[in-house]
Amino acid sequence: MRIVFGLLLIISIGFLGVKIYAFNTERVLQKEKLGILNAEIDKGISENESLKADIQYFMNPYNLEKELRSKFNYKKSEEKMIIVVPDQ
């Protein structure tokens, strides 16, 4: 009877050891995933702040017009546009 109890105890301890190892491995993997997700969240937060700053900048009509003029060659209807090409 003692031998059977001893074998059951050894098998139980071995089983628990394997399960603890599996749980620890899973914990490490989940911790790595959490780190990656936290980095993505931080990136999203910084991008959000940048977009908020851009929105504030473009809320001013003068800044919006300035950007339209520089990027899209925007001009008012009463203006004439002259494009100067530098010598090479």
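Here are some notes:
- Candidates ILE45, ILE55, filtered to the one that is without any contact (Cβ under 8 Å) to a residue 60 or more places away in the chain, aliphatic (A, V, I, L, M) and exposed (fewer than 10 other Cβ atoms within 10 Å of the Cβ): ILE55
- Any hit, region 65-78, residues being at negative phi, outside any helix (DSSP H, G or I) and among the small types (Gly, Ala, Ser): yes
Rule-based calculations on the coordinates, nothing more; no lab input. Because the structure is a prediction, the values reported are computed rather than measured. Glycine gets a Cβ as well: all are built from the backbone with ideal geometry, and neighbour counts include every protein chain shown.
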